[in-house]
1. What distance in nm separates the simple spin-label points at H152 and R53, each placed 7 Å from Cα in the Cβ direction?
2. Hey, quick one: spin label on R142, modelled 7 Å out along Cα-Cβ, who in the stretch 83-99 has an amide N within reach, i.e. under 19 Å?
3. By the scheme Lys and Arg +1, Asp and Glu -1, what is the net charge of all other residues having a beta-carbon under 13 Å from that of V38?
4. Counting other Cβ atoms within 10 Å, which trypsin sites (Lys or Arg not before Pro) in the stretch 84-139 have at most 16 and lie in a DSSP loop?
5. Cβ under 12 Å from D131's Cβ, D131 left aside: what net charge do those residues give with Lys, Arg +1 and Asp, Glu -1?
Amino acid sequence: MTVFRSLMIAVVLATLGLGAAHAGSEAPAGYYADQKVVYHNDGGLDGAAYFKRLLGNLRNYVEAVGKAHVEIRVVSHGDGVALFQSAVNDKEVAARIDALKGIGVRFLICANTLRERKIDRGTLYGVTEDDVVPSGVAELARLQGMGFAYIHP
C-alpha cells in the first residue's frame, strides 16, 4: 500500500509540475533546439494586464531556451501598439521592454496601425524607424514563411 501511495503522490506532483522533472526553470543542456519564434501582439482583451503577461512570457521563453538559442520577434498591431504608448509613462513596462531588447528580442510595429490611428512613431517608447514594418499581419506571415513559429499568448 505504501508503494502505491508514493506512486500516486509522484503522479499528482508531476501532473501539477511540482515533481523533480520540473524543479528548475532551466532546461537541461541540449533539451531545446535552436528556435525562431514570432509573438503576435494585438493587445489582448485586458490591455495592461495582457501586456505584463506578454512581457513575462517573453522573458520566461528566453530564460528557458537560452539567449544564444532563440531568435524572437514581437509584431504589434492594432491595440497592441498601446504597449509602447503605455511605456512612455510606466517605468516598469519601459524597463521590461529595454531588458528584453537587451537580450535580443526585437519589437516590430505595424505602419498601417500608425497611419490609420494617426499615431506618431516618435510618441511610442523606444520605437525607431527600423522597428516599423509595412503591415503587421503581413509581417507575421512573412516571418512564418521564414521558419518562425507563431505564438499568440
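Coordinate-derived values only; no laboratory data. For clarity, every value in this text was computed on a predicted model and none was experimentally measured. When we count neighbours, we look across all protein chains shown, and the Cβ atoms used for this are built from the backbone with ideal geometry, even at glycine.
1. A separation of 1.4 nm, rounded to one decimal place.
2. none
3. In short, +1.
4. R117, K118
5. Counting the neighbours of D131, the net charge comes to +1.
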